[in-house]
Amino acid sequence: MSTLDPSPHVPDPREDSGGPVRPSAVFSADSSTSSPGDARRLAVAYLRDHCPGADIPAVQVVLSELVTNAARHTPDGTWTVTLRHADGMLTLQVEDSSPRLPRPRQGDTLDGHGGLGLGLVDSLSDLVTTLRTPRGKAVVAHWKVDRSASAGQGESPV
């Protein structure tokens, strides 16, 4: 389900992070109600509204690559995207139903059989992690966001 939750989520104060509690906004989309293009368009709207300083084109490419991989490499092709911005960090998570962890292709990746996606994700993100989930796995891209920066705030093709 595609959602853009304009109301901030305030973490439980019992979850002490050692600093002040700051609100975050969350965006999510999934393959049952959204196409990858819908997810990109909604993500751009979310970033413009909630994440000044985000590199929108980089986030779009990473989202596209991760959703494409999820659709291509899972038995049912389903995925869920979540974007969260809090405390100067932007996190993009793409979860799918495959327990198989992603592996970068070795050798010639320009042979027309794919294999460039994970390299792009890695180079366009500050950090990429993979987590096992009850459903399968999640690939998570992280960016530190400088609110004073204007990088990526221009028009971006969707």
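Please give, to one decimal in nm, the separation of the simple spin-label points placed at L131 and K144, each 7 Å out from Cα toward the Cβ.
Roughly 2.1 nm, to one decimal.
What order do K137, K144 take when sorted by accessible area (1.4 Å probe), most exposed first?
I get K144, K137, largest accessible area first.
Let me check against my output: what whole-number percent is the relative contact order of the range 51-100, with C-alpha pairs under 8 Å and at least 6 apart?
34
Note down the accessible area of D146, probe 1.4 Å, to the nearest 10 Å².
Its accessible surface works out to 80 Å², give or take rounding.
The values are calculated or read from the model by the stated rules, or taken from the named source; none is laboratory data. Treat the numbers as computed from the prediction; the structure is a model and nothing was measured. Backbone-built Cβ (ideal geometry, glycine too); neighbour counts: all protein chains shown. For accessibility, only protein heavy atoms count, side chains too; no ligands or nucleic acids. Shrake-Rupley method; radii C 1.70, N 1.55, O 1.52, S 1.80 Å.
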